[in-house]
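Quick notes on the structure that follows.
The values are calculated or read from the model by the stated rules, or taken from the named source; none is laboratory data. Bear in mind the structure is a predicted one, so any value in this text is a computation, not a measurement. Cβ placement follows ideal geometry from the backbone for every residue including glycine, while neighbour counts extend to all protein chains displayed.
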Amino acid sequence: MSPRLVRVGIVDSGINARDPQVVAVEGGVGIRVRDGRVERDSSWEDLLGHGTAVAATIRGHAPSASLVSIRVFHRTLEAHFEAILYAIEWGVEERLDLLNLSLGCANRERDETFDYACARARDRGVAVVSAAGASLESSFLAVEADFALEGEEIRFEGGRFHASPWARPRGVLPREKNFHGTSFAVAHVTGIAARILSEGERSLREALARVASGP
C-alpha cells in the first residue's frame, strides 16, 4: 500500500521553498491584523528564517509530506492572537491533516480560547501540535523540549510529548549556532506525526504515545 499524502500547515514566519532541506512547498497564505481586522494575502514566503528551519526539521522526519505555509510572523517573531486563531481556522477550511504551531502565548488568560480552537480543529479532522501551556490537559498535542533527547527520540509523560530542541542540522554549522528551542521540539513531533499518518494510522495521539518512551 502506497503512503497516504499528509498535508502539514506550518503556522510561522513563512517558508523558503528554495531551501534545499525543504525541497517544495504546496503553497500558503499570509495572515496579519491591521486596524483590528484580520487580513490575508498570498505573501507566505519566509523573511526571518524561523519557519524555514521548522519546515526543514519536519521534512527530515516526513520527506513525502506536503508542506503548506501559513505566515503569521512578519517583521518579528510576534503575532496577534487573532491571527493565530484565524490561521487554525484557515487550516481547517483547507482540510489539512496537521497544524504545526511552534509558538506560545505568555498570556495565560488566552489558554482556554486557544484550546477551544484546537478542539474544534481536532473535531473536524485537523490535529494541532503546539508548545505545551500551563494545563496538563489539552485538545492539541502538547510538546516540551528535552535537551537529553536527540533526533527521532520522543518521550511521553504527564500527557505531554517531549522532544529534542535542536533544529535539523545545517551542513557544518554547529548546532548551538542554529535555531533551537521548544519550537523545534514541536517540529520534531509534527514530523513524526506526519510520518505516522502517512502509514494509515488514525488514532494519532495513541500512536505517538506508542512510539515514545516513558519517563
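Remarks
- Residue check, Leu96 farther than 19 Å from Ala212 by Cα, in contact (Cβ under 8 Å) with a residue 40 or more places away in the chain and in contact with a strand residue (DSSP E or B) (Cβ under 6 Å, 6 or more places away or on another chain): yes
- Evaluation of Leu98 against (1) touching a Gly at 6+ places or on another chain (Cβ under 9 Å); (2) farther than 23 Å from Ala55 by Cα; (3) not hydroxyl-bearing (Ser, Thr, Tyr) (one fails), failing number: (2)
- Residue that is surrounded by the fewest Cβ atoms within 10 Å (Cβ to Cβ) [pool: residues in the stretch 67-119 that are basic (Lys, Arg) and under 25 Å from Arg195 (Cβ atoms)]: Arg95
- Among residues of the stretch 143-160 that are within 17 Å of Leu101 (Cβ to Cβ) and touching a residue at least 12 places away in the same chain (Cβ under 8 Å), those with a beta-carbon under 7 Å from a residue that is part of a strand (DSSP E or B) and of a type in the set (Val, Ile, Thr) at least six positions away or on a different chain give the pairs Val143/Val129; Arg160/Val143.
- Residue among Gly36, Gly14 that is at positive phi, at pLDDT below 95 and in contact with a helix residue (DSSP H, G or I) (Cβ under 9 Å, 6 or more places away or on another chain): Gly36
- Within the stretch 165-198, tally of residues that are among the polar types (S, T, N, Q) and more than 14 Å from the chain's Cα centre (by Cα): 2
- Candidate set: the stretch 1-29, residues that are in a loop (DSSP other than H, G, I, E, B) and either of a type in the set (Lys, Arg) or touching a Gly at 6+ places or on another chain (Cβ under 6 Å) (or both); chosen: the one farthest from Ala193 (Cα to Cα): Arg18
- Members of the stretch 149-164 that are outside any strand (DSSP E or B) and buried (at least 21 other Cβ atoms within 10 Å of the Cβ): Ser164
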